[in-house]
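I have placed the structure first, in the form of structure tokens, so that the comments after it can refer back to it.
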Amino acid sequence: MSDTSEKHVSKRECLKSTRSRIILAIVALVVIIAAVVPSVVVTTLHKNNSMGPKAKVFVPLYVYPAPGAWTPLENVISAHPDVNFTVVINPGNGPGPDSLPDANYTREIPVLSSYANVRLLGYVYTSYAKRNVSAIRNDIQTYADWQTNSSNPNLAVQGIFFDETPQQYDAQTLTYLQGLTDFVKDLEGLGPDKFVVHNPGAVPDSRYLATADSTVVFEAAYSTFQERQGAKLFTSIQDSNRSQLCAIVHSVPETIEGKSLRGLVKEVRRVADEVYITHLSTDYYASFGQKMNEFVGLMAA
């Protein structure tokens with residue numbers, strides 16, 4: 001009777017020990033899962049929410065700088081010091097006829113120049129490489145001389161935005177564009193970068209890309225961007241990488257907001273290193289859209 005009782009007690013102790021080991025194993029497994037799963041979820045969410053490669057905000061600033069007119073842009077620049085802005089100014093279809101722009105420009109340009117995250121470019125048109133080279137050089141030289149003529153080092157641009165550059169290849173045109181870029185790069189008074197942007201408004205012959213630091217390969221409405229992106233037009237630009245490309249998308253429908261706008265910004269950022277997106281369908285370079293802050297906020301992500 002005693003031996004049997006001892007055997008039962010021993011068996012119960014063995015079962016207790018086994019159950020304890022199982023419980024401890026389950027607890028350990030729960031602890032491991034609790035530690036690992038959140039990090040996996042966070043990593044997955046981070047990947048899903050990633051906006052892809054960073055990009056600069058490109059702003060064709062054709063808003064006349066009456067007092068307060070540039071304040072919305074200055075506010076968003078100030079609010080996002082981690083976002084770089086390339087801003088094109090256009091006092092008079094170029095620098096204007098005088099050695100200095102008018103008083104409103106001379107007051108406001110130094111304000112923009114004071115931000116470390118802003119690069120200012122001066123507007124110059126080429127009439128698709130038909131404009132007289134001497135006239136273009138005069139415009140460039142005028143921008144370069146602003147600092148000296150004003151005695152204000154902050155009244156300056158850091159490069160040139162060449163509008164109306166051609167798409168179709170021509171050997172003489174290539175020489176024309178390269179000569180203008182060389183002229184910019186050799187000038188003092190255009191900042192340390194002497195940055196050059198070409199604007200054909202569409203994908204040009206790839207041989208032109210090397211004559212600029214950045215090229216606007218798209219400047220059109222949202223609907224057109226969707227068509228060309230669907231046709232994978234931007235992935236077939238030969239001899240290029242996104243750091244050389246700029247994209248401007250206007251006339252975005254008002255319904256494209258929140259998650260949809262986030263998707264659009266992400267899509268355009270995959271194409272280009274400099275991006276401008278606006279919901280405005282008229283005067284889209286002469287005013288600021290209501291969703292500008294949302295757009296820049298997404299560019300900061």
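Quick notes
- Distance in nm between pseudo-label sites at Arg131 and Asp239 (7 Å out along the Cβ direction from Cα): 2.5
- Computed over the Cα atoms of region 220-289, pair by distinct pair, the Kirkwood hydrodynamic radius stands at 12.7 angstrom.
- Averaging Cα coordinates gives a centre for region 181-213 and one for region 113-138; these two points are 9 Å apart.
- Net charge, Ser251 excluded, C-beta distance under 15 Å - Lys, Arg +1, Asp, Glu -1: -3
- Look at the Cα gyration tensor of region 56-300: its axes a ≥ b ≥ c give a/c of at least 1.5 with a/b at or below b/c, and that counts as oblate.
- When Thr173, Thr148, Thr255 are sorted by how many other C-beta atoms sit within 10 angstrom of their C-beta, beginning with the fewest, the order is Thr255, Thr148, Thr173.
- In terms of other Cβ atoms within 10 Å, Glu254, Glu267 run from fewest to most in the order Glu254, Glu267.
- Distance between the 7 Å Cα→Cβ label points at Lys232 and Asn149: 5.0 nm.
- For Leu174, net neighbour charge (Lys/Arg +1, Asp/Glu -1) across residues whose Cβ lies under 11 Å away: -1
- Efficiency of FRET from Cβ geometry, Gln178 and Thr224, R₀ 35 Å, rounded to 0.05: 0.75
- Each part gets one Cα centre, and for region 282-301 versus region 49-65 those centres are 8 Å apart.
- Label zone at Gln168 (point 7 Å along Cα-to-Cβ), backbone N below 17 Å, region 202-229: 202-208
- Between Ala116 and Glu254, residue separation times 0.36 nm minus the direct Cα-Cα distance comes to 46.5 nm.
- Our summary gives region 56-300 a relative contact order of 18 percent, counting only alpha carbon pairs under 8 angstrom and 6 or more residues apart.
- Label-point separation in nm, Arg270 to Asn293, each point 7 Å along Cα→Cβ: 3.0
- Remark: His279, His198, His80 ranked as His80, His279, His198, counting other beta-carbon atoms within 10 Å and listing the fewest first.
Quick note: the coordinates plus some simple rules give every number you see, no bench work behind them. This one's a predicted model, so the numbers in the text were calculated from it and none came from an experiment. No Cβ is skipped: glycine too gets one built from the backbone with ideal geometry, and neighbour counts run over all protein chains shown.
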